[in-house]
Amino acid sequence: MAAAAVAAPEVLRECGCKGIRTCLICERQRGGDPPWQHPPQKTHRFIYYSDTGWAVGAEESDFEGWAFPFPGVTLIEDFVTQEEEAEMVQLMDHEPWKLSQSGRRKQDYGPKVNFRKQKLKTTGFRGLPSFSRDVVRRMALYPILEDFRPVEQCNLDYCPERGSAIDPHLDDAWLWGERLVSLNLLSPTVLSMSREAPGSLLLCLAPSGFPEALVEGVMAPSRSVLCQEVEVAVPLPRRSLLVLTGAARHQWKHAIHRRHIEARRVCATFRELSAEFCPGGRQQELGQELLQISLSFQGRPM
């Protein structure tokens, strides 16, 4: 596949914000202060290191050199090549993008779902896009994804001119299963993870002050920090694949802050079915139908 430059999209004059959600476009149109205030940043920032699986206190912070294990995050760098990235985004841009909240645009390849009522319809769903066939096949080469069968793909387009962001949230667990998989394209960014649960995190002191030391051995917990005051920054390199499981999937909310979108960023997030829709589950027949449609790779954005 030949490499091609990907031009930034034209800045939209309208937005898809609703309720308390805003972006730079609607904020400029309304003038004055937005109808809500951005939540204060977490007091203590930790950085996730994929080579150790630990979150380490940021430099020049109160917890520099202190760390805690942060399981459930797998990062696969250079999952696609530059040429593949350019072709994927070019094919996405051939399809219509819908306006979404907080300055994002989106393309949905999946069933129509009402999560509040826990109902879904397959009408109009024709599967994942054809260009994702090789991506899904490549996922199976990695042990953590060897049995991953996505039933939904959501493409999101972030742009600094629109002030694109996504608020801290947990993905649905009624329909979507254990693994959330996201392919980060066009520019690096940071996934910010936070947890509102009460209680504290027990910290260990890295013997030499460097994250590599955590691999060799860790001292007993000797300091703590309130969960609600912690934010873990997970750096996402360009063309990397992120997999969230376990606590990172179900307990820690994830977000993309406006300040971390410095250039156009496109991500493709893939979701699998929950146990209820898998063999032995209450809705296994519907789950099988969804998988057959999804993996036909004949989809168009819904």
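Yes or no, residue by residue, for (1) under 16 Å from the mean Cα position of the chain (by Cα); (2) assigned to a helix (DSSP H, G or I):
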| site | (1), (2) |
| --- | --- |
| E95 | no, no |
| V113 | no, no |
| L120 | no, no |
| D134 | no, yes |
| L141 | no, no |
| P150 | yes, no |
| C154 | yes, no |
| A197 | no, no |
| C204 | no, no |
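Restricting the range 264-302 to residues that are open to solvent by less than 60 Å² (accessible area, probe 1.4 Å) and among the basic types (K, R) leaves a set whose member that is farthest from Y109 (Cα to Cα) is R264. Inspection of the range 141-151 finds a residue satisfying the criterion of being in the same structural domain as L244 (by the TED database), in contact with a Pro (Cβ under 9 Å, 6 or more places away or on another chain) and open to solvent by less than 60 Å² (accessible area, probe 1.4 Å). A single entry from L120, L175 fulfils the requirement of being aliphatic (A, V, I, L, M), over 24 Å from V73 (Cβ atoms) and outside the structural domain of Y49 (by the TED database): L120. On the stretch given as the range 251-270, residues that are farther than 14 Å from M88 by Cβ and either not acidic (D, E) or not assigned by the TED database to the domain that holds D172 (or both) total 12.
Look at L128 and say whether it is outside any helix (DSSP H, G or I), touching a residue at least 40 places away in the same chain (Cβ under 8 Å) and of a type in the set (A, V, I, L, M, F, W, C).
Here the answer is yes, as L128 does meet what is asked.
Of the residues making up the range 238-263, those that are open to solvent by 40 Å² or more (accessible area, probe 1.4 Å) and either touching an Asp or Glu at 6+ places or on another chain (Cβ under 9 Å) or closer than 18 Å to G53 by Cα (or both) are R238, H250, Q251, K253. One residue stands out among those in the range 8-27 that are surrounded by fewer than 10 Cβ atoms within 10 Å (Cβ to Cβ) and at pLDDT 55 or above: the one that is farthest from Y158 (Cα to Cα), which is G19. Under the condition of being in a helix (DSSP H, G or I), closer than 29 Å to R133 by Cβ and touching a residue at least 12 places away in the same chain (Cβ under 8 Å), the residues counted in the range 251-284 number 3.
Every condition in (1) in a strand (DSSP E or B); (2) touching a helix residue (DSSP H, G or I) at 6+ places or on another chain (Cβ under 7 Å) holds for G287 except the one numbered (1). Have a look at L191, L214, L236, L241 and point out the one that is of a type outside the set (S, T, N, Q), in contact with a Phe, Trp or Tyr (Cβ under 6 Å, 6 or more places away or on another chain), within 24 Å of P69 (Cβ to Cβ) and modelled with pLDDT of 95 or more. Criteria check complete, one pass: L241. When we screen D51, D62 for residues that are at pLDDT 85 or above, part of a loop (DSSP other than H, G, I, E, B) and closer than 20 Å to L226 by Cβ, the only hit is D62.
The values are calculated or read from the model by the stated rules, or taken from the named source; none is laboratory data. Not measured: the values here are computed from a predicted model. Cβ atoms come from the backbone with ideal geometry, glycine included; neighbour counts cover every protein chain shown. All accessible areas refer to the heavy atoms of the entire protein, side chains included, with ligands and DNA or RNA removed. Shrake-Rupley method; radii C 1.70, N 1.55, O 1.52, S 1.80 Å.
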